[in-house]
Amino acid sequence: MFGDGVRCLVVVGSQWGDEGKGKIVDVLASDADWIARYQGGANAGHTVRVGEDEFILHQVPSGVLYPGKRCVVGNGMVLDPVTFLKEIDELKARGHEVEDRILVSTRTQLVLAYHKLLDQAQEKSRGKGAIGTTGRGIGCAYEDKVARVGIRVGDLADPVRLRDLVEAGAARAQARLDGLGSDLTVDTDALYSELCKLAPRVLPMACDVGLALKKALDRGERVLLEGAQGAMLDVDHGTYPFVTSSNTTAGQAATGLGLGPTSLDAVLGVVKAYTTRVGAGPLPTELPEEEAARLRELGAEYGATTGRPRRTGWFDAVVVRYAGRLNGVTALAVSKLDVLDPLPEISLCVGYDCRGERLEEFPADLSLLAEVEPVYETMPGWNTPTSEARRLEDLPAGARAYLDRIAELAELPVRYVSVGTRRREILEIQ
Ligand code: GDP
Ligand code: IMO
Ligand code: MG
């Protein structure tokens, strides 16, 4: 995708997350100089396989496994500094020295211990209406950001001011925990001393990342922007309130790094060849449990962050066309095509029937969404392994017909097809 005038490429999830962004970003990162995350935090779990080694990246960008590539944590992320440093240490222990090539925005909001406690307590208090968050404190940290009471990376530089901010934040969080009837308690002193201890490691990484990226682009370097979650989890455009607390769509790639929107040259939308979702909320093409379990086992669909079984269903073209529009997607990467290899028949959702009408656009109203009946087209399976395919011509005719139909329904070209977890298990369609 790089080249042809593309120097700044955004990769976004175009379903409900876990589309295989980590694998695609890792593959594309071989041609990039910089890889930057711009939203979300440790709720993300991006799996990358290098040889026989598997890495699950949460806050460190997925291109980090190539030596020498520079990585960026954008201002639009919420960063848990404790688990971030742990992730860096674990990478080092596995032979990847990364600390000296990661930049963190001075403006990035911190996720602190009390955000995680609040996340737990809020979920508990929601009862049956629980969102099924990852419990990483994401929503609570974004709440503090928008309420203008958050603590940012740059605040680690001033211990006196930091103490005031931590005390105020802890007191607010404690009051909210008490209000929720929770018996969890915030340990202000432990939190403050932990932050003072980690500050000397985090601060050397801190800078104006927008400026660093702008200069890199001006020098002709290539920048890959790695989205987390997926369009249907976007706080504005997703299945609200069953969403995450950030804008997961491509517009945020600019804001979340301090770049102008005109810096973005192309957007690659990653979609699975079927659909999954982890956590609560609508999933129109969800299969009945027996069939869902079959797809779950075939695709090893268990959360990379929480280990939860993922809900599974057929490919939903209404969702992907909507995500294409929201993100300004220029091409699709279809992942996990190999998972469908053994299925005798494969269905695709081409629209929804609702209250006697055909819907072709994704509705905002959850009560309407609850009543939609997906309209399926069924295609014969190909019953042939696809993992060895490296060119479109290597794929069985049935798989090619399936990809053609996806492209037609999504109104987007398919540029990449991933047929396995390994780096080489991918086809690029020119
Ligand atoms: P992400 O959050 O979008 O990066 O996706 P996850 O890493 O959470 O989940 C995707 C899962 O599918 C991981 O276990 C990947 O190793 C795996 N995966 C990615 N691409 C492929 C593929 O083309 N085929 C198969 N079989 N597995 C894949
Ligand atoms: P990646 O980047 C799939 C889901 C959670 C929950 C909702 C809100 O790996 O694709 P949060 O903890 O963000 O407040 O949870 O969003 N969720 C994800 N689902 N992939 C992710 O990330 C997700 N990050 C959050 O399951 O339903
Ligand atoms: Mg994931």
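The values are calculated or read from the model by the stated rules, or taken from the named source; none is laboratory data. Just so it is clear, the model here is predicted, and its values are computed rather than measured. Heads up, the Cβs are rebuilt from the backbone with ideal geometry, glycines too, and the neighbour counts pull from every protein chain shown. Surface areas here come from the heavy atoms of the whole protein model, side chains and all, with no ligands, DNA or RNA. Shrake-Rupley method; radii C 1.70, N 1.55, O 1.52, S 1.80 Å.
For GLN430, the criteria (1) at pLDDT below 95; (2) polar (S, T, N, Q); (3) outside any loop (DSSP other than H, G, I, E, B) hold in every case but one, which is (3). Exactly one residue among LEU203, LEU211, LEU233 is open to solvent by less than 50 Å² (accessible area, probe 1.4 Å) and touching a residue at least 24 places away in the same chain (Cβ under 8 Å), and that residue is LEU233. For the range 238-247, the set of residues classified as farther than 13 Å from GLN39 by Cβ and either at pLDDT below 95 or open to solvent by 30 Å² or more (accessible area, probe 1.4 Å) (or both) consists of TYR240, PRO241, PHE242, listed by residue number.
For the range 38-144, the strands (runs of 3 or more DSSP E) that sit wholly inside it and include 2 or more residues that are touching a strand residue (DSSP E or B) at 6+ places or on another chain (Cβ under 8 Å) and more than 14 Å from ligand 2 (Cβ to nearest atom) are 70-73, 102-105. Scanning the range 1-27 for residues that are away from ligand 2 (no atom under 16 Å from the Cβ), aliphatic (A, V, I, L, M) and open to solvent by less than 10 Å² (accessible area, probe 1.4 Å) turns up just one, LEU9. Residue check: LEU79 meets all listed conditions (1) open to solvent by 10 Å² or more (accessible area, probe 1.4 Å); (2) more than 16 Å from ligand 3 (Cβ to nearest atom) but one, namely (1). For GLU289, the conditions (1) more than 16 Å from ligand 3 (Cβ to nearest atom); (2) charged (D, E, K, R); (3) over 23 Å from TYR376 (Cβ atoms) all hold with the exception of (3). For the range 248-259, the criterion of a residue being over 13 Å from GLY76 (Cα atoms) and either open to solvent by 10 Å² or more (accessible area, probe 1.4 Å) or modelled with pLDDT of 95 or more (or both) is satisfied by no position.
Checking each residue in the range 109-135 for being open to solvent by less than 60 Å² (accessible area, probe 1.4 Å), in contact (Cβ under 8 Å) with a residue 60 or more places away in the chain and polar (S, T, N, Q) picks out THR133, THR134.
Would you check if ARG101 is surrounded by fewer than 22 Cβ atoms within 10 Å (Cβ to Cβ), more than 17 Å from the chain's Cα centre (by Cα), free of Cβ contacts under 8 Å to residues at least 60 places away in the same chain and closer than 16 Å to ARG222 by Cα? Spelling it out, ARG101 is indeed surrounded by fewer than 22 Cβ atoms within 10 Å (Cβ to Cβ), more than 17 Å from the chain's Cα centre (by Cα), free of Cβ contacts under 8 Å to residues at least 60 places away in the same chain and closer than 16 Å to ARG222 by Cα.
Output the residue which, of all residues in the range 301-314 that are of a type outside the set (Gly, Ala, Ser), open to solvent by less than 40 Å² (accessible area, probe 1.4 Å) and farther than 16 Å from VAL372 by Cβ, is nearest to ligand 2 (Cβ to nearest atom).
Step one: list which residues in the range 301-314 are of a type outside the set (Gly, Ala, Ser), which gives 301-302, 305-306, 308-312, 314.
Right, trim to open to solvent by less than 40 Å² (accessible area, probe 1.4 Å) and you get 301, 305, 310, 312, 314.
Restricting the remaining residues to those that are farther than 16 Å from VAL372 by Cβ gives 301, 305, 310, 312.
Details: GLU301: 11, THR305: 6, ARG310: 8, THR312: 13 Å.
Top of the filtered list is THR305.
Within the range 335-350, being more than 20 Å from ILE24 (Cα to Cα), within 16 Å of ligand 1 (Cβ to nearest atom) and of a type in the set (A, V, I, L, M, F, W, C) holds for LEU343, ILE346. Among the residues of the range 16-47, those that are more than 11 Å from ligand 3 (Cβ to nearest atom) and closer than 19 Å to VAL417 by Cβ comprise ILE24, VAL25, ASP26, VAL27, LEU28, ALA29, SER30, ASP31.
Results for (1) out of contact with any helix residue (DSSP H, G or I) (no Cβ under 8 Å at 6 or more places or on another chain); (2) closer than 30 Å to ALA280 by Cβ; (3) in the same structural domain as LYS197 (by TED's automatic domain parsing), shown as yes or no for each residue.
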site	(1), (2), (3)
MET77	yes, yes, no
ASP119	no, yes, yes
LYS124	yes, yes, yes
CYS140	no, yes, yes
VAL149	no, yes, yes
LEU165	no, no, yes
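Among strands (runs of 3 or more DSSP E) entirely within the range 207-317, having at least 2 residues that are under 25 Å from ASP404 (Cα atoms) singles out 266-272, 275-277, 311-313.
Do the conditions hold for GLU87, that is, is it among the acidic types (Asp, Glu), open to solvent by 10 Å² or more (accessible area, probe 1.4 Å) and within 16 Å of ligand 3 (Cβ to nearest atom)? Yes.
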